[in-house]
Amino acid sequence: MIIKAKSLIALGLTGVLAAVGVTVANFEGKELVGYVDPVGIETACFGHTATAIAGKEYTEHECLNLFAQDLAEHDEQLNHAVLVPLTRGEHMAYLSFHYNVGAGNFRRSTLLKYLNENQRLRACDELTRWVYANGRKLTGLVKRREQERTMCLEGVSSNVEISR
């Protein structure tokens, strides 16, 4: 099942959340049976971790609802951590990144420090450093971070459309 923005809009997500949801879903993939990810975290659906149980079976409907809730929660956490207005491209890139690394890692990151110091290009460049899981460089993370960096840099270079 490929997530389309209209599926997320039907769940009440709009704008950046619906747009980034498509990107995040493609990178996370959909797993209807809970599993343990490469760093040992129980995960299900589209990267859901909060209540995931390895071995549990989930319906597509459950997965879509969990995904919508997770996106909204990550967006709220992102908005609390970031002290500068974001362009749409930055917002999309950092929400995808936040969704993947979690609130704690995001809050402690050099990326956030640079961003909140308004060092926009430096912050975008930090994305490509986050490609390791348990000390192993993962091809999927390399591709994801490059796409996030591209979104981020497009947002910085256009610097026209502030998303909040």
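The values are calculated or read from the model by the stated rules, or taken from the named source; none is laboratory data. Quick caveat, the model's predicted, so the values are computed rather than measured. Backbone-built Cβ (ideal geometry, glycine too); neighbour counts: all protein chains shown.
If ARG120 meets every condition in (1) closer than 24 Å to THR49 by Cβ; (2) free of Cβ contacts under 8 Å to residues at least 40 places away in the same chain; (3) charged (D, E, K, R) apart from one, which number is that one? Of (1) closer than 24 Å to THR49 by Cβ; (2) free of Cβ contacts under 8 Å to residues at least 40 places away in the same chain; (3) charged (D, E, K, R), only one is false for ARG120: (1). The residues on offer are GLU90, GLU126, and the sole one that is in a helix (DSSP H, G or I), in contact (Cβ under 8 Å) with a residue 40 or more places away in the chain and more than 25 Å from ALA44 (Cα to Cα) is GLU90. Do we have any residue at all in segment 82-90 that's among the hydroxyl-bearing types (Ser, Thr, Tyr) and crowded, with 20+ Cβ neighbours inside 10 Å? Yes, segment 82-90 contains a residue that is among the hydroxyl-bearing types (Ser, Thr, Tyr) and crowded, with 20+ Cβ neighbours inside 10 Å.
For every residue, the table says whether it meets (1) at pLDDT 95 or above; (2) among the polar types (S, T, N, Q); (3) in contact with a Lys or Arg (Cβ under 9 Å, 6 or more places away or on another chain); (4) in a helix (DSSP H, G or I).
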position	(1), (2), (3), (4)
LEU78	yes, no, no, yes
PRO85	yes, no, yes, no
ARG107	yes, no, no, yes
LEU115	yes, no, yes, yes
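Scanning segment 50-76 for residues that are of a type in the set (Gly, Ala, Ser) and either outside any loop (DSSP other than H, G, I, E, B) or touching a Ser or Thr at 6+ places or on another chain (Cβ under 7 Å) (or both) returns ALA52, ALA68, ALA72.
Of the residues that sit in segment 51-64 and are exposed (fewer than 15 other Cβ atoms within 10 Å of the Cβ) and of a type outside the set (A, V, I, L, M), which one is nearest to the chain's Cα centre (by Cα)? Out of the qualifying residues, it is THR51.
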